[in-house]
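Comments concern the structure below.
The values are calculated or read from the model by the stated rules, or taken from the named source; none is laboratory data. Being a predicted model, the structure only gives us computed values, none of them experimental. Cβ atoms come from the backbone with ideal geometry, glycine included; neighbour counts cover every protein chain shown. Accessible surface is based on the protein model in full, side chains and every heavy atom, while ligands, DNA and RNA are left aside. Shrake-Rupley method; radii C 1.70, N 1.55, O 1.52, S 1.80 Å.
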Amino acid sequence: MTNAVFALKAALADPAQLEARAAWLARAGRPIVLELHTFGARDIDTAAGLAASRATVARLREHHAVERLIVHVPVQQVPVVTQVDFDAGQCQRAIAFAAEIGAEAVVIHRYFDLVFGDGPPRAFSKPEAIRRFNAIIRDLARLAPEIRLLVENIGHYSLLPRDGRNYLSGPLDHFFPWEISAFRRFCAQEGLANVEPFVDVAHATLSANLFNRRKLHFTETADDPRFAWITPDDLDQAEWLAPFDFVDPAMSYLHISDACLLDAAELAEPNLPEPRLVEGIVSEGLEIGTGNLPFTRLPERLGQGTPTLVLEVEPGAGETHVDNGAQLRSLERLAALFGQAPAV
């Protein structure tokens, strides 16, 4: 069975949150592996934020034997990414910060030419968007070859209040399995040893729900912008997609949370209620066991290496982002599926 490492995500701008995650991992006897969620203006995008971030990481290392850190590029700013093709600047700043603090990797979202809601598409074609995004990644990778760039699928890019109407969309939303394979070939051809794709399994669920609905109701979804970038060429690649179809044995990193996978019967229903469709394309960050992803099947999808599985789970009822019991419970449930008994 795969010998996975389990990691937690925490906000760089919240020292108490970071401390709580590190302390829990230490008490559990697990290596302290943390993915640092960044916001930009609150941390690495301003002089004051950058100074505070450096101090936060230094204090964390003073108090704990931190084994590994990963930096997630700041959340995309809608006014920026709906005007430029891709915000390479925030990636450059995240890479520089990662190198400064000794982080091993930077997580970058795969997107291009995003539009808000039902705005008209900005991209000419998906192949052209892929070509231009890949060129950006190639240039970023060569900035700091010692830093791994982990390229993440975004699925349906829902925005708060996650009502099905507030979202971003673009030609690279879904990172389907065949696109992941093509990206691996690109990286090999370009000699980009420090770049690899990875999957957020909840984001893959959103993509799978949209793909399967479009496959079953192509005509009915033709004018719905949420389905716009699932092309006929994509639909020819598979009869059906499940979330873990996006996971391949070469992946060394995953984001994990539960989600809402719509079944074949309801997706085939011509009059699928809109609230149910919305639930299926916005639900992510759920505690494992509160959604319906078949996590018992995940270990068999991974290779024989030591992948890092990062729990990215929202707090449960009555919890806070500091006291996030849902994330901790999810880690232990997942670890049990990989044959690792709870350490606490």
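Within the stretch 50-85, restricting attention to residues that are under 17 Å from the mean Cα position of the chain (by Cα) and open to solvent by less than 50 Å² (accessible area, probe 1.4 Å), the residue that is farthest from residue 253 (Cα to Cα) is 76. When residue 147 is tested against the conditions (1) more than 17 Å from the chain's Cα centre (by Cα); (2) open to solvent by 10 Å² or more (accessible area, probe 1.4 Å), the lone failure is (2).
More than 13 Å from the chain's Cα centre (by Cα), over 19 Å from residue 159 (Cα atoms) and not small (Gly, Ala, Ser): does that describe residue 272?
For residue 272, the condition - more than 13 Å from the chain's Cα centre (by Cα), over 19 Å from residue 159 (Cα atoms) and not small (Gly, Ala, Ser) - is met.
Of all the listed residues (319, 300), the sole one being surrounded by fewer than 18 Cβ atoms within 10 Å (Cβ to Cβ), more than 17 Å from the chain's Cα centre (by Cα), acidic (Asp, Glu) and closer than 23 Å to residue 17 by Cβ is 319. Exactly one residue among 314, 332, 284 is of a type in the set (D, E, K, R), within 27 Å of residue 159 (Cβ to Cβ) and surrounded by 15 or more Cβ atoms within 10 Å (Cβ to Cβ), and that residue is 284.
Just one residue in the set 141, 193 is open to solvent by 10 Å² or more (accessible area, probe 1.4 Å), under 22 Å from residue 70 (Cβ atoms) and of a type in the set (A, V, I, L, M); that residue is 193.
Residue 201 versus (1) open to solvent by 10 Å² or more (accessible area, probe 1.4 Å); (2) on the phi < 0 side of the Ramachandran plot; (3) in contact (Cβ under 8 Å) with a residue 40 or more places away in the chain: which is the lone unmet condition? Answer for residue 201: the failing condition is (1).
If you go through the stretch 316-332 one residue at a time, do you hit one that is touching a residue at least 12 places away in the same chain (Cβ under 8 Å), of a type outside the set (S, T, N, Q), outside any helix (DSSP H, G or I) and in contact with a Ser or Thr (Cβ under 9 Å, 6 or more places away or on another chain)? Within the stretch 316-332, one or more residues are touching a residue at least 12 places away in the same chain (Cβ under 8 Å), of a type outside the set (S, T, N, Q), outside any helix (DSSP H, G or I) and in contact with a Ser or Thr (Cβ under 9 Å, 6 or more places away or on another chain). Of 28, 47, all but one fail to be open to solvent by 40 Å² or more (accessible area, probe 1.4 Å) and out of contact with any strand residue (DSSP E or B) (no Cβ under 8 Å at 6 or more places or on another chain); the exception is 47. Residue 255 falls short on exactly one of the conditions (1) open to solvent by 30 Å² or more (accessible area, probe 1.4 Å); (2) under 21 Å from residue 337 (Cβ atoms), and that condition is (1). Going by what's in this entry, would residue 241 be described as assigned to a loop (DSSP other than H, G, I, E, B), closer than 17 Å to residue 297 by Cα and touching a Phe, Trp or Tyr at 6+ places or on another chain (Cβ under 8 Å)? When the stated conditions are applied, residue 241 passes them. Here residue 227 fulfils each of the conditions (1) farther than 12 Å from residue 281 by Cβ; (2) out of contact with any strand residue (DSSP E or B) (no Cβ under 7 Å at 6 or more places or on another chain); (3) not small (Gly, Ala, Ser) apart from (1). Residue pairs whose Cβ atoms lie under 8 Å apart, sitting 6 or more positions apart in sequence or on different chains, and linking a residue in the stretch 260-287 that is on the phi > 0 side of the Ramachandran plot and in a loop (DSSP other than H, G, I, E, B) to a partner that is buried (at least 20 other Cβ atoms within 10 Å of the Cβ) and at pLDDT 95 or above, are 285/202; 285/257; 285/312; 285/313. Within the stretch 102-124, the residues that satisfy the criterion of being of a type outside the set (Phe, Trp, Tyr) and open to solvent by 20 Å² or more (accessible area, probe 1.4 Å) are 102, 104, 109, 118, 119, 120, 121, 122.
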